Amino acid sequence: MVECSLCGREAVVELNYNGFSLCEGCFVRQFERRVRKALRLAGFFKRGARVLVGVSGGKDSAALLSVLAKFNSRVGAVLLPVLVDEGIDGYRNKARVTAEKLCASLDLELNVYSFRDLFGFGLDEVEGLDSARDACAFCGVWRRWVLNKAAVDLHADAVVVGHNADDVGQSFLMNLLRNSSSVLSRSGLESGGVKGLFVPRFKPLAFNLERESAIYCFLRDIPFYLGGCPYYAGFRVGIKDFLNEVEGVYPGSKFALSKASFEVQKALPSDKRRVFKCSKCGFSSSSDVCMACSLRDEVGVLFKKG
Ligand code: SF4
Ligand code: ZN
């Protein structure tokens, strides 16, 4: 029997990055302690706060919602789970069933916002168009926009998403390779809010690895959807594979990279570019029309051509 490095009970998880083996209880406590640390640093999780939780049906958001619901019995915030349905048949509709099951088990109501309702088309229709962009390029921008719209509709004070340390490291590397220093300066634990235009967004799982969300769900019997999106492709996939390979040979690299991301963000001057109000949707934008509205117009033109 392999013993837990912390308490001597039977270990069920081996952590390559620090050489520890942990039993069920010590692993769960470690995972939750790291979430608590992120919440403390972020400071929004308090009595009466309205917190929108982005839920996808996948392991990260399932772990996040479950941890927040557990902590919330003492905190007394209002948790508002929101699922963005991008209109990917055979994927999101299945994940949604799991998300509904999870919310029901936590006695929370799931709010669903769909691309088809908001834009008049889903990602499956967009994917069939003759566009130079891949599906993720549209989807990422629109999901961010939809979550912000939901936050405004639901009067949320904060939005939390299930981005983990793997995601933080990937984004950091992608921004470095694109030389996007202004994005780097905005990509820490929090994406700052702009009053009336953008509800602040936080990543409470930023100190846990993706693999650890899955283990946490397994150990706590939390339902999550295992299938993957059929459109998953592009730059991020290459970076993710690369980082998995590096982590396999040099354990601890992912944490080192995500920490580097936070350090670099702190050291960079904050992004002082002017924030505009989108003339079409009224949310924050870096120019007269926000990216979500520009892409929606671009798709409208492609539909007419088709
Ligand atoms: Fe959207 Fe791409 Fe994620 Fe699929 S993989 S849900 S298309 S961002
Ligand atoms: Zn807009």
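Residue-level check: of (1) surrounded by 15 or more Cβ atoms within 10 Å (Cβ to Cβ); (2) closer than 23 Å to residue 141 by Cβ, residue 219 misses just (2). Any residue in segment 203-216 that is surrounded by 22 or more Cβ atoms within 10 Å (Cβ to Cβ) and of a type in the set (Lys, Arg)? The answer is yes, given that some residue of segment 203-216 is surrounded by 22 or more Cβ atoms within 10 Å (Cβ to Cβ) and of a type in the set (Lys, Arg).
Taking (1) without any contact (Cβ under 8 Å) to a residue 12 or more places away in the chain; (2) not in a loop (DSSP other than H, G, I, E, B) in turn, residue 8 satisfies each apart from (2).
Table: residues versus (1) within 16 Å of ligand 2 (Cβ to nearest atom); (2) closer than 29 Å to residue 133 by Cα.
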| residue | (1), (2) |
| --- | --- |
| 232 | no, yes |
| 242 | no, yes |
| 259 | no, no |
| 262 | no, no |
| 276 | yes, yes |
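Determine, yes or no, whether residue 182 is of a type in the set (Ser, Thr, Tyr) and part of a loop (DSSP other than H, G, I, E, B). Answer is no for this residue. When you check residue 138 against the structure, is it over 24 Å from residue 196 (Cβ atoms), buried (at least 20 other Cβ atoms within 10 Å of the Cβ), of a type outside the set (Ser, Thr, Tyr) and modelled with pLDDT under 95, yes or no? It is true that residue 138 is over 24 Å from residue 196 (Cβ atoms), buried (at least 20 other Cβ atoms within 10 Å of the Cβ), of a type outside the set (Ser, Thr, Tyr) and modelled with pLDDT under 95. Among the residues of segment 267-292, the ones that are surrounded by fewer than 14 Cβ atoms within 10 Å (Cβ to Cβ) and either part of a helix (DSSP H, G or I) or among the acidic types (Asp, Glu) (or both) come to 2 in all. Among the residues of segment 141-189, those identified as under 28 Å from residue 281 (Cα atoms) and among the basic types (Lys, Arg) are 143, 144, 149, 186. For residue 228, are the conditions met, namely being exposed (fewer than 12 other Cβ atoms within 10 Å of the Cβ) and within 16 Å of ligand 1 (Cβ to nearest atom)? Criteria met by residue 228. Being over 30 Å from residue 268 (Cα atoms), modelled with pLDDT under 95, out of contact with any Leu (no Cβ under 7 Å at 6 or more places or on another chain) and away from ligand 1 (no atom under 16 Å from the Cβ) is a property that residue 120 has. Filtered by the rule that a residue be within 9 Å of ligand 1 (Cβ to nearest atom), in a helix (DSSP H, G or I) and farther than 13 Å from residue 296 by Cβ, segment 123-136 gives 127, 135, 136.
Residues in segment 177-214 that are closer than 18 Å to residue 239 by Cα and basic (Lys, Arg): 178, 211. Would segment 241-257 turn up any residue that is within 16 Å of ligand 1 (Cβ to nearest atom), part of a helix (DSSP H, G or I) and modelled with pLDDT of 95 or more? Yes; the residues of segment 241-257 include at least one that is within 16 Å of ligand 1 (Cβ to nearest atom), part of a helix (DSSP H, G or I) and modelled with pLDDT of 95 or more.
The values are calculated or read from the model by the stated rules, or taken from the named source; none is laboratory data. All figures in this text were calculated on a predicted structure; none of them were measured in a lab. Using ideal geometry, Cβ is built from the backbone for each residue, glycine included, and neighbour counts are taken over all protein chains shown.
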